[in-house]
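The values are calculated or read from the model by the stated rules, or taken from the named source; none is laboratory data. Treat the numbers as computed from the prediction; the structure is a model and nothing was measured. Cβ coordinates were reconstructed from backbone atoms using ideal geometry, including for glycine residues, and neighbour counts include every protein chain displayed. With ligands, DNA and RNA removed, areas are computed over all heavy atoms of the protein, side chains included. Shrake-Rupley method; radii C 1.70, N 1.55, O 1.52, S 1.80 Å.
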Amino acid sequence: MLGYLGPEGTFTHEALISLNLDDTTQAYSSVGECLDAVRAGQVSAGMVPIENSVEGVVTATSDSISNGDPLQIRAEVLLPVVFGLYVRPGTQLADVRHVITHPHAAAQVRHWLAEKLPQAEITEKGSTAAAAQEVSHKDSSYDAAICSTGAGELYGLTAAASGIADNPNAVTRFILVSRPFTPEEPCGHDKTSLVVYLNDDHPGGLMEVLDQFSLRGINLCRIESRPAKDKMGNYHFSIDAEGHVAERRLQEALMGLHRTCRDVVFLGSYARADQVAQSVKESVRDVDFEEADTWMSRILHPGFRGVSPQE
């Protein structure tokens, strides 16, 4: 069974369906509940949102996956996010006074709301599908929900306005998370996610982390700081890097971080949803590390021949 941030009809539900996995599903009312169910073994994996191209990281997911029993990312999905203003049949746009939606959705239609519904009260709560479900009740105090077409239609609503996102190119990234497992083989367009905790706050601390990647030719897709939640001023770094943990350059970088940082949480190596191939420069390919191993063995053990990459 697979879990997801529900109810049925959320963008997260759409992302899970897009993977075409042959399994039953279970909706959860929050990201935390979904990931707790994964940790408890109630579901084999859970789909949750992690990042939006407009609003950035989904903090509930970033914090929950970084703390508690270990979890790993199995796959990611990129989903274009298109919103509509959905109402009960018979309600006109001019009648809308109270709107409900998810906080990220509200942020992505802020300018549209200010222009078209300047007098409306906006409530940010739950998910977009939960908003549609709430508005579908005849006695609801809300006149409209900002949600997807699928959610609006699922709960019997009609569109008072469509395509209302301020940024028509907005995309949300979702991740399928499970308990720790052996990563699949690299596919050539891989991504590795991790969380790094510094030993202490000192000048150049972040640079020391970045150097572990830079020296090995590893490009970072994302890096951001989050509160470590122990005391004011303490932060950890959430990082997505190009490459796979099976590659020597990633292994060397992670071991370097492990030696120099208080803690490193490995969150998985998996295929990039956009299938952008990684570019690995000469000197940091696996074959280059192997040649360096052979060279060092000859220094430590004179007479050792080894096998050169050309043989």
What is the number of the single condition among (1) open to solvent by less than 30 Å² (accessible area, probe 1.4 Å); (2) part of a loop (DSSP other than H, G, I, E, B); (3) under 23 Å from GLU51 (Cβ atoms) that SER140 does not meet?
(3)
Using the structure shown, decide if ALA144 is more than 25 Å from the chain's Cα centre (by Cα) and either more than 18 Å from PRO7 (Cα to Cα) or of a type in the set (S, T, N, Q) (or both).
no
When only residues in segment 153-175 that are within 15 Å of the chain's Cα centre (by Cα) and at pLDDT below 95 count, which is most open to solvent (accessible area, probe 1.4 Å)?
VAL171
All positions within segment 208-258 that are in contact with a His (Cβ under 7 Å, 6 or more places away or on another chain) and within 21 Å of CYS187 (Cβ to Cβ):
LEU250
Scanning segment 72-91 residue by residue, those touching a Leu at 6+ places or on another chain (Cβ under 8 Å) and either within 25 Å of THR192 (Cβ to Cβ) or assigned to a loop (DSSP other than H, G, I, E, B) (or both) turn out to be GLN72, ILE73, ARG74, ALA75, GLU76, VAL77, ARG88, PRO89
Here are some residues: SER30, SER66, SER53. Which one is open to solvent by 60 Å² or more (accessible area, probe 1.4 Å) and of a type in the set (Gly, Ala, Ser)?
SER53
Considering residues of segment 114-129 that are in contact (Cβ under 8 Å) with a residue 40 or more places away in the chain and assigned to a helix (DSSP H, G or I) only, the residue surrounded by the fewest Cβ atoms within 10 Å (Cβ to Cβ)
LYS116
From the set of residues in segment 176-225 that are assigned to a helix (DSSP H, G or I) and charged (D, E, K, R), which is most open to solvent (accessible area, probe 1.4 Å)?
GLU208
